[in-house]
Amino acid sequence: MRKNLAEFVEEAKQGKKKRVAVAASEDKHVLEAVRDAIKEGIVEAILVGSKAETERLMSEIGFDRSWAELLPASDPVEAASKAVGLIRDKQADVLMKGLVQTAVLLKAVLDKEKGLRSGALLSHLGLFQSPYYHKLFGVTDAGMNVAPSFEEKVSILTNAVEMFHKIGISMPKVAVVAAVETVNPKMDATVHAALLTQMNRRGQIKGCIIDGPLALDNAVSREAAKHKGIESEVAGDADILLVPDIESGNLIYKALNFLGGAVAAGVILGAAAPIVLTSRADSEQSKHYSIALAVALSRTPS
């Protein structure tokens, strides 16, 4: 059981280096994270973007020009297309968002002919290390799907469970969180949670243990669950929090980071290769851990 995101960094140092393709590399914060990952021996890098601006920023932050390959692109659209092409052509293993709008990058990823489609729905997962929880846990989806349907929630859950299998958790515990822990027909999140739980119990969703609806306190605190009389294998020991929508997920994500003393590694799942997609507000440590997590996922067969 991993308790620390730094374990991914140490593991990444042990294996063969993976290549990260950065789309629109003229982003100082992203370059700093890539620079540090290269210095630690985690990755090699191909920087795709404005050659002049990328080189200027590299000089500013002490990123030696010889440490990475640089491919010029005239604009972010071309940079996204070229970076995705590097993954598709097996010249790189991990895609990382630079100074390009998420929609532009994802358009290149989802291109039917030249993209990285795998047939799965794309979803975001933040893997958190919190000083107030006994192990790493995931929050999904806080960054991609705005108001997922029930069918989309099944896909989001599947992506998360497959990721946890890849990092060594063979039977992750999934808490389908809502505002309350009882089913209310007027609250879709509780109805969806109950359906997912029943599907899991009947073997329609495998490889995990699902329970819900669970309020957030019950999902992460055995004491809170006990106080409310909830008997659950998941309550107080969740590996994955499946949130109702992007608004609730985003609030949980940022509350953990900015008020809860947590740090996260964030990746996009469901494509043919892991995608590092971080926010400018994310810490350098978070970006570093995100790269290491993506490297770990790229080493595990899909």
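Among the residues of the range 146-169, what is the count of those that are part of a loop (DSSP other than H, G, I, E, B) and under 16 Å from residue 127 (Cα atoms)?
Final tally of qualifying residues: 3.
Test of understanding: among 95, 99, 106, which residue is under 22 Å from the mean Cα position of the chain (by Cα), under 17 Å from residue 274 (Cα atoms) and open to solvent by 20 Å² or more (accessible area, probe 1.4 Å)?
Step by step, each of 95, 99, 106 is checked, and only 106 is under 22 Å from the mean Cα position of the chain (by Cα), under 17 Å from residue 274 (Cα atoms) and open to solvent by 20 Å² or more (accessible area, probe 1.4 Å).
When you scan the range 122-132, how many residues do you find that are assigned to a loop (DSSP other than H, G, I, E, B) and under 14 Å from the mean Cα position of the chain (by Cα)?
Summing the residues that are assigned to a loop (DSSP other than H, G, I, E, B) and under 14 Å from the mean Cα position of the chain (by Cα) in the range 122-132 gives 1.
Residue pairs, Cβ under 6 Å, 6 or more apart or interchain, first in the range 260-278 and on the phi > 0 side of the Ramachandran plot, second open to solvent by less than 10 Å² (accessible area, probe 1.4 Å). List them.
270/123
Restricting to the range 212-248, give me the number of residues that are of a type in the set (Asp, Glu), closer than 16 Å to residue 134 by Cβ and open to solvent by 40 Å² or more (accessible area, probe 1.4 Å).
Of the residues in the range 212-248, 3 are of a type in the set (Asp, Glu), closer than 16 Å to residue 134 by Cβ and open to solvent by 40 Å² or more (accessible area, probe 1.4 Å).
How many residues, within the range 191-211, are over 25 Å from the mean Cα position of the chain (by Cα) and among the charged types (D, E, K, R)?
The qualifying residues number 2.
Would you check if there is a residue in the range 163-171 being among the basic types (Lys, Arg) and surrounded by 19 or more Cβ atoms within 10 Å (Cβ to Cβ)?
no
Could you say whether any residue in the range 110-121 is open to solvent by 50 Å² or more (accessible area, probe 1.4 Å), in contact (Cβ under 8 Å) with a residue 24 or more places away in the chain and part of a helix (DSSP H, G or I)?
Within the range 110-121, not a single residue is open to solvent by 50 Å² or more (accessible area, probe 1.4 Å), in contact (Cβ under 8 Å) with a residue 24 or more places away in the chain and part of a helix (DSSP H, G or I).
In this structure, does residue 48 turn out to be in contact with a helix residue (DSSP H, G or I) (Cβ under 6 Å, 6 or more places away or on another chain), closer than 17 Å to residue 291 by Cα and buried (at least 18 other Cβ atoms within 10 Å of the Cβ)?
Answer is yes for this residue.
Name the residue that is farthest from residue 297 (Cα to Cα), counting only residues in the range 50-81 that are in a helix (DSSP H, G or I) and among the polar types (S, T, N, Q).
Looking at the filtered set, the residue picked out is 59.
Residue by residue through the range 17-49, note down the ones that are in a loop (DSSP other than H, G, I, E, B) and either among the polar types (S, T, N, Q) or in contact with a strand residue (DSSP E or B) (Cβ under 7 Å, 6 or more places away or on another chain) (or both).
Selection gives 17, 24, 25, 26.
So, residue 135, is that one more than 30 Å from residue 110 (Cα to Cα), touching a residue at least 60 places away in the same chain (Cβ under 8 Å) and assigned to a loop (DSSP other than H, G, I, E, B) or not?
Yes, satisfied.
Quick test for you: out of 154, 183, 191, pick the one residue that is in contact with a Phe, Trp or Tyr (Cβ under 9 Å, 6 or more places away or on another chain) and open to solvent by 20 Å² or more (accessible area, probe 1.4 Å).
Just one listed residue meets the conditions, 191.
Which of the numbered conditions does residue 217 fail, given that it passes all the others? Conditions: (1) without any contact (Cβ under 8 Å) to a residue 12 or more places away in the chain; (2) farther than 20 Å from residue 141 by Cα.
(2)
When you check residue 23 against the structure, is it at pLDDT 95 or above, open to solvent by less than 50 Å² (accessible area, probe 1.4 Å) and within 20 Å of residue 104 (Cβ to Cβ), yes or no?
Spelling it out, residue 23 is indeed at pLDDT 95 or above, open to solvent by less than 50 Å² (accessible area, probe 1.4 Å) and within 20 Å of residue 104 (Cβ to Cβ).
How about the range 1-16: which of its residues are part of a loop (DSSP other than H, G, I, E, B) and under 18 Å from the mean Cα position of the chain (by Cα)?
Once the filter is applied, which keeps residues that are part of a loop (DSSP other than H, G, I, E, B) and under 18 Å from the mean Cα position of the chain (by Cα), the range 1-16 yields 2, 3, 4, 5.
The values are calculated or read from the model by the stated rules, or taken from the named source; none is laboratory data. Everything numeric here is computed off the predicted structure, so don't read it as measured data. A quick note on method: Cβ atoms are made from the backbone with ideal geometry, for glycine too, and the neighbour counts reach across all protein chains shown. Heads up: the accessible areas ignore ligands, DNA and RNA and are worked out on the full protein's heavy atoms, side chains in. Shrake-Rupley method; radii C 1.70, N 1.55, O 1.52, S 1.80 Å.
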